[in-house]
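> One structure, pasted below without further comment.
The values are calculated or read from the model by the stated rules, or taken from the named source; none is laboratory data. Fair warning: this is a prediction, and the values are worked out from it, not measured in the lab. Neighbour counts run over all protein chains shown; Cβ positions are idealised from the backbone, glycine included. For the accessible areas, the whole protein counts, side chains as well, though only heavy atoms, and no ligand, DNA or RNA atoms are used. Shrake-Rupley method; radii C 1.70, N 1.55, O 1.52, S 1.80 Å.
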Amino acid sequence: MSDTHQPVALGRKPAPAVGSRDPLSPEAARAAIRAAEVAMLDERRQLTADELAELAYVPEASVPSLAALAHEVRLAWCGPEVEIEGILSAKTGGCPEDCHFCSQSSQFDTVVKATPFLDTDEVLAAARETAATGATEFCIVLAIKGPDERTMERILELVPIIGDETGVNVAVSAGILTPEQATRFAEGGVHRYNHNLETARSYFGQVVTTHTWEERADTCRLVREAGMELCSGVLLGMGESIDQRLELLAQLREIEPTEVPVNFLKPMLGTPFAHLPAVEPLEAIRWIALFRLALPTVILRYAGGREFTLGDLQAMGMTSGINALIIGNYLTYLGRSPEEDLKMLDDLRMPVGALTKVL
Ligand code: SF4
């Protein structure tokens, strides 16, 4: 359900996130990166919030060194495997929520129009296509605030069929859950449930007004309590400051996700965030590295906006802490071809595998 013609707001000069202090000197940056290396590779301990804050302020020239450390940490804490996932928008558009970055909200005038839940055959065809790439995870995504009873039944009917037919793990993203719904999904075989925090608690009100950050965090907690793996992602580049990104890292540590997809804003025409500048490629690399250093054991997934934001630096992201990819298309726009991503992994000598079994 990708829209190849969806208009993207292009042509804005990338702008760095606003910080509350000056960048470190080159000497201080080298010392901070070296201290983090000793902590994470020799002492094998997690970095403190203060140590992470230092690293967030290394100068641009030190970002490749930061990225190199994040790659070593990824290999030491997670191993060499890269997990591949395909996602399918099984019910697109018409969402009543007002997430300001999202072209699927019915509150904004975008080209994405509401469509009903796909047929079982369509979902199965996409799952088979995903499995054929070597992917081990297939996520069914619905543009809804939360599932009603009919939607619950449809998802619970699809999950075992997909698992039996393709052998891939089935993940679901269907919004805010009640405790009872979380239990039913877990018992119905949902392997991983996606519910993004998106941004820091202190910035959430600038992004969404129709539900709260706390509602999102509650669903994340329910997912883990029910026994599913929690996938909780972020969207960088919505105007949040550097300190708010650090706040988000601390909040992600608290909810203990198995997987963290890192999305970068791709400004969509018609949404309130259409005017925002893109994240600079080197800044994106800095934050990929910081997410790895803050969350050394998570499955850190390249998600939406990577082609738009990183361009030629996509392979560099793979050596900056990323160990998972969404392959193929995103929810409302096309990604680059699976062949290109598989070639990139082959060139980097990165084996494809199911990370749940490794971590
Ligand atoms: S809840 Fe999801 S689909 Fe709905 S507007 Fe927000 S991000 Fe978009």
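> I need the full set of residues from the range 289-309 which are part of a helix (DSSP H, G or I) and either closer than 20 Å to L75 by Cα or open to solvent by 10 Å² or more (accessible area, probe 1.4 Å) (or both), in order please.
Residues satisfying the conditions are A289, L290, F291, R292, L293, A294, E307, F308.
> Additional query: I84 fails exactly one of the following numbered conditions: (1) more than 9 Å from the ligand (Cβ to nearest atom); (2) of a type outside the set (K, R); (3) surrounded by fewer than 24 Cβ atoms within 10 Å (Cβ to Cβ). What is the number of that condition?
Result: I84 fails condition (3) only.
> Only residues that are at pLDDT 90 or above and open to solvent by less than 10 Å² (accessible area, probe 1.4 Å): list them for the range 310-337, please.
Within the range 310-337, G317, M318, S320, G321, I322, N323, A324, L325 meet the criteria.
> Taking the range 149-181 only, how many residues are among the polar types (S, T, N, Q) and away from the ligand (no atom under 15 Å from the Cβ)?
4
> E122 versus (1) assigned to a loop (DSSP other than H, G, I, E, B); (2) more than 24 Å from the chain's Cα centre (by Cα): which is the lone unmet condition?
E122 satisfies every listed condition except (1).
> If S232 passes every condition in (1) without any contact (Cβ under 8 Å) to a residue 40 or more places away in the chain; (2) in contact with a Lys or Arg (Cβ under 6 Å, 6 or more places away or on another chain); (3) buried (at least 24 other Cβ atoms within 10 Å of the Cβ) but one, which one does it miss?
All conditions pass for S232, except number (2).
A quick yes/no check of all residues on (1) of a type in the set (V, I, T); (2) farther than 24 Å from E85 by Cβ; (3) in a helix (DSSP H, G or I):
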position	(1), (2), (3)
G205	no, yes, yes
T210	yes, yes, no
E215	no, yes, yes
L235	no, no, no
M238	no, no, no
D243	no, yes, yes
L248	no, no, yes
N263	no, no, no
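> Continuing with this model, one more query. For the range 99-130, enumerate the residues that are away from the ligand (no atom under 16 Å from the Cβ) and open to solvent by 30 Å² or more (accessible area, probe 1.4 Å).
Within the range 99-130, D119, T120, D121, E122, A125, R128, E129 meet the criteria.
> Still on this structure: If you go through the range 278-297 one residue at a time, do you hit one that is within 30 Å of E180 (Cα to Cα) and touching a residue at least 60 places away in the same chain (Cβ under 8 Å)?
There is at least one residue in the range 278-297 that is within 30 Å of E180 (Cα to Cα) and touching a residue at least 60 places away in the same chain (Cβ under 8 Å).
> Looking only at the range 176-211, count how many residues are within 21 Å of the chain's Cα centre (by Cα), open to solvent by 10 Å² or more (accessible area, probe 1.4 Å) and small (G, A, S).
Residues that pass the stated criteria total 2.
> In the range 24-78, which residue that is surrounded by fewer than 13 Cβ atoms within 10 Å (Cβ to Cβ) and polar (S, T, N, Q) is nearest to V352 (Cα to Cα)?
T48
> Let me ask you something else. Could you grab the pairs with beta carbons closer than 6 Å, sequence gap of 6+ or different chains, first residue in the range 30-53 and within 12 Å of L66 (Cβ to Cβ), second one open to solvent by 20 Å² or more (accessible area, probe 1.4 Å)?
A32/E54; I33/S65
> In addition: Restricting the range 135-148 to residues that are buried (at least 17 other Cβ atoms within 10 Å of the Cβ) and not hydrophobic (A, V, I, L, M, F, W, C), which is nearest to the ligand (Cβ to nearest atom)?
Here the answer is G146.
> Examine the range 175-193 for a residue that is among the acidic types (D, E), closer than 29 Å to T130 by Cα and out of contact with any Asp or Glu (no Cβ under 7 Å at 6 or more places or on another chain), and state whether such a residue exists.
Yes, the range 175-193 contains a residue that is among the acidic types (D, E), closer than 29 Å to T130 by Cα and out of contact with any Asp or Glu (no Cβ under 7 Å at 6 or more places or on another chain).
> Could you tell me whether E280 is at positive phi and either at pLDDT 95 or above or open to solvent by 30 Å² or more (accessible area, probe 1.4 Å) (or both)?
no
> List pairs: first residue in the range 100-123 and over 27 Å from G237 (Cβ atoms) and of a type in the set (A, V, I, L, M, F, W, C), second residue open to solvent by 50 Å² or more (accessible area, probe 1.4 Å) and part of a loop (DSSP other than H, G, I, E, B) anywhere in the structure, Cβ distance under 8 angstrom, at least six positions apart or on different chains.
Close Cβ pairs (under 8 Å, with a partner that is open to solvent by 50 Å² or more (accessible area, probe 1.4 Å) and part of a loop (DSSP other than H, G, I, E, B)) amount to L118/M1.
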